[in-house]
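Asker: Quick one: structure below, then a few questions.
The values are calculated or read from the model by the stated rules, or taken from the named source; none is laboratory data. Please read these numbers as outputs of a predicted model, since none were measured by experiment. Cβ placement follows ideal geometry from the backbone for every residue including glycine, while neighbour counts extend to all protein chains displayed. For the accessible areas, the whole protein counts, side chains as well, though only heavy atoms, and no ligand, DNA or RNA atoms are used. Shrake-Rupley method; radii C 1.70, N 1.55, O 1.52, S 1.80 Å.
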Amino acid sequence: MDELAKLAEANQMEVVGRSWQNLETIVTGTYFGLGKINEIKHLAKELHATVIIINDELTPTQIRNLEKMTKLSILDRTELILEIFSNRVRTKQAKLQVQLARLQYELPRLHPSENRLDQQRGSGGGFNNRGAGETKLELNRRTIQQQISNIKKDLKKINQQEIIKATQRNNSFLPQVALVGYTNSGKSTTLNNLLNEYSKSADKKQVFTKDMLFATLDTHVRRIDLENKLSFIISDTVGFVSNLPHNLIESFKATLQEVRDADLIINVVDASDPNILQMIQTTTKVLDELQIGDVPIITAFNKVDKTDRSYPQIEGNGNILYSAKDPESIRLLAKLIQKKIFSNLQVVELFLPLQMGDKLNYLHTHGQVIEEKYQDNGIYIKTKICKKIADKFAKYNYKSK
Ligand SMILES: Nc1nc2c(ncn2[C@@H]2O[C@H](COP(=O)(O)OP(=O)(O)OP(=O)(O)O)[C@@H](O)[C@H]2O)c(=O)[nH]1
Ligand SMILES: [Mg+2]
């Protein structure tokens, strides 16, 4: 219920009261029992509430009946999360993804005779029907289906462009690290402070952070340059929440692709939150759903400054206790990342044709060159580089020439 209140706040709604009921089973048609509904109705009137938010996903019938009985707008948890997403996303891809999730949520909820979407909802409720919501008033099932297939087509096009971008990144051979975790755990703060501490590249642009659920919904990718010319790419993406609507996970899969392609996943956990176990379970569940396979994961317990444990420290199992706001912590985290992704540095001897000056340049920026000799038909170079780069350069191996 606390989390639901925070979700409401993230949607610019003010919480004026709470109510709950202990029931063995949910009442099929109305969710709550009759007496409870009356009680809620009176409480809402007394507190001048305009919207009732239910901490669950309701059936369309339950919502209709509750709206009729209370004469107030009813918003279920799924719809609330969809509202937040559609009001907050920025990039075209994320906008389409949310729109798709909303339409898929609405589709089975369309009712031929009595369409609750036709009602004037949300007056003074603090939420508005923008984006997909605006058009849904006039939509019938067929046009929604048409829209869904159009959006899917548009997304496919964008995804292909994204894939091209991703390949360009891959071509730079840099290892990729993905920050994941529950919303508000400190992913963006971690990214920003890694940038402050290390990035030499021009792209030091900070990611928006705030003590608010779902501050970041779009994916941000940055480059971090450690010492010894060891660089990696790091991505920060949408956070997770318990019972994240399935349609949202589905439509965000392309965005979350970053996570599957990563060489290392950092699961940022808010160590100061009393619900830490549920949060870890939620993240594990979403990661399972993304089929991340055998990508190694570090669990990074953040905000330890708000607990009585000492930090920064690396635990026996390789997890880290830190505070994203503390430079010493950030340096220890960077060390841990370096150990994980550059454990396979190797010395290789290569022989490059003379016209491959750009490749030579690349080796100078991404590795520690030990020896370099110009010969008649090419350049001999001995260098220490990570396995990922060594593999890409395998065909220029000196020994095999
Ligand atoms: N005390 C303390 N606060 C922190 C720490 N790290 C982050 N915060 C605060 O926690 C809040 C959320 O941080 P963000 O970095 O926005 O979290 P996020 O995981 O990116 O969250 P979303 O983008 O909303 O999913 C902000 O108010 C941060 O200032 C920390 O180590 N200690
Ligand atoms: Mg964030």
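Asker: For a quick check: with amide H placed at 1.01 Å from N, whose amide H comes under 5 Å from Ser199's, ignoring anything fewer than 5 positions away on the same chain?
Answerer: Asp225
Asker: Determine which aspartates and glutamates satisfy two conditions relative to Lys210: a Cα distance under 19 Å, and not lying fewer than 8 residues away in the same chain.
Answerer: Counting by Cα, and skipping residues close in sequence, Lys210 has these aspartates and glutamates nearby: Asp2, Glu3, Glu9, Glu14, Glu83, Asp218, Asp236, Asp270, Asp273, Asp305, Asp326.
Asker: I would also like to ask the following. Need the C-alpha centroid separation for segment 367-386 versus segment 331-352, integer Å.
Answerer: 18 Å
Asker: Expressed as a whole number of Å, what is the distance separating the alpha-carbon centroids of segment 204-233 and segment 244-282?
Answerer: First find each Cα centre; the distance between them is then 16 Å.
Asker: Indicate, rounded to the nearest 5 percent, the antiparallel portion of the DSSP beta bridges found entirely in the chain. Don't skip to the end; give the middle numbers.
Answerer: Working: 25 of 47 bridges.
If we restrict to bridges inside the chain, about 55 percent are antiparallel.
Asker: On to the next question. Given the chain, report the % of alpha carbon pairs whose separation exceeds 40 Å. Could you put the intermediate results ahead of the total?
Answerer: On the way: 23753 of 80200 pairs.
Taking all Cα-Cα pairs of the chain, the fraction more than 40 Å apart is 30 percent.
Asker: Angle check, please: helix 60-70 long axis (alpha carbons) against the longest principal axis of the chain (alpha carbons), in degrees 0 to 90, nearest 10.
Answerer: Tilt of helix 60-70: around 50 degrees.
Asker: Right, another one. Give me the net charge of Asn184's neighbourhood, meaning all other residues with Cβ under 15 Å from the Cβ of Asn184; Lys, Arg count +1, Asp, Glu -1. Provide the component values of the computation, followed by the final result.
Answerer: Working: positive: Lys6, Arg88, Lys187, Lys210, Lys303, Lys306, Lys325; negative: Asp2, Glu3, Glu9, Asp211, Asp236, Asp270, Asp273.
Here the charged neighbours net out to 0.
Asker: Separate question: Given labels modelled 7 Å from the Cα in the Cβ direction, how far is it in nm from Ser310 to Lys45?
Answerer: The answer from the label model is 6.2 nm.
Asker: Between Thr28 and Leu277, what is the spin-label point distance in nm, taking each point 7 Å from the Cα along the Cα→C-beta axis?
Answerer: 3.5 nm
Asker: OK, next. Please report, in debye to the nearest 20, how large the charge dipole of segment 172-341 is about its Cα centre when each Lys and Arg carries +1 at its beta carbon and each Asp and Glu carries -1 there.
Answerer: On the way: 19 positive and 21 negative charges, 78 e Å.
In total the dipole reaches around 380 debye.
Asker: Pop the C-beta distance of Asp211 and Thr59 into the FRET formula with R0 = 41 Å and round what comes out to the nearest 0.05. Walk me through the numbers on the way to the answer.
Answerer: Values: r = 34 Å, r/R0 = 0.83.
That pair, Asp211 with Thr59, gives E of 0.75.
Asker: Same structure, new question: Can you tell me, using C-alpha contacts under 8 Å and at least 6 residues apart, the relative contact order of the chain as a whole percent?
Answerer: Values: 590 pairs, mean separation 49.8, N = 401.
RCO, the chain: 12 percent.
Asker: Further question on the same structure: Determine the per residue accessible area of segment 234-290 with all protein chains present and a 1.4 angstrom probe, expressed in square angstrom. Each step should come with its number before you reach the end.
Answerer: On the way: 2130 Å² over 57 residues.
Result: 37 Å² of accessible area for each residue.
Asker: Given the pairs Lys92/Lys325; Lys359/Lys392; Lys205/Lys384; Lys204/Lys382; Lys204/Lys388; Lys95/Lys325, which span a C-alpha to C-alpha distance of over 21 angstrom in this model? Write out the running numbers ahead of the final one.
Answerer: Values: Lys92/Lys325 31 Å; Lys359/Lys392 11 Å; Lys205/Lys384 30 Å; Lys204/Lys382 32 Å; Lys204/Lys388 25 Å; Lys95/Lys325 31 Å.
Pairs exceeding the cut-off: Lys92/Lys325; Lys205/Lys384; Lys204/Lys382; Lys204/Lys388; Lys95/Lys325.
Asker: With +1 on each Lys and Arg Cβ and -1 on each Asp and Glu Cβ, and nothing else charged, work out how big the dipole of the chain is about its Cα centre, in Debye to the nearest 20. Can you show the working numbers first?
Answerer: On the way: 56 positive and 47 negative charges, 247 e Å.
Charge dipole, the chain, about its Cα centre: 1180 debye, nearest 20.
Asker: Under 26 Å from the Cα of Lys36, which lysines turn up, not counting those fewer than eight places away in the same chain?
Answerer: Result set, ordered by chain and number: Lys6, Lys45, Lys68, Lys71.
Asker: To continue, here is another question. Which angle between 0 and 90 degrees, to the nearest 10, do you get for helix 141-171 versus the longest principal axis of the chain when only C-alpha atoms count?
Answerer: With both axes taken from Cα atoms, the answer is about 20 degrees.
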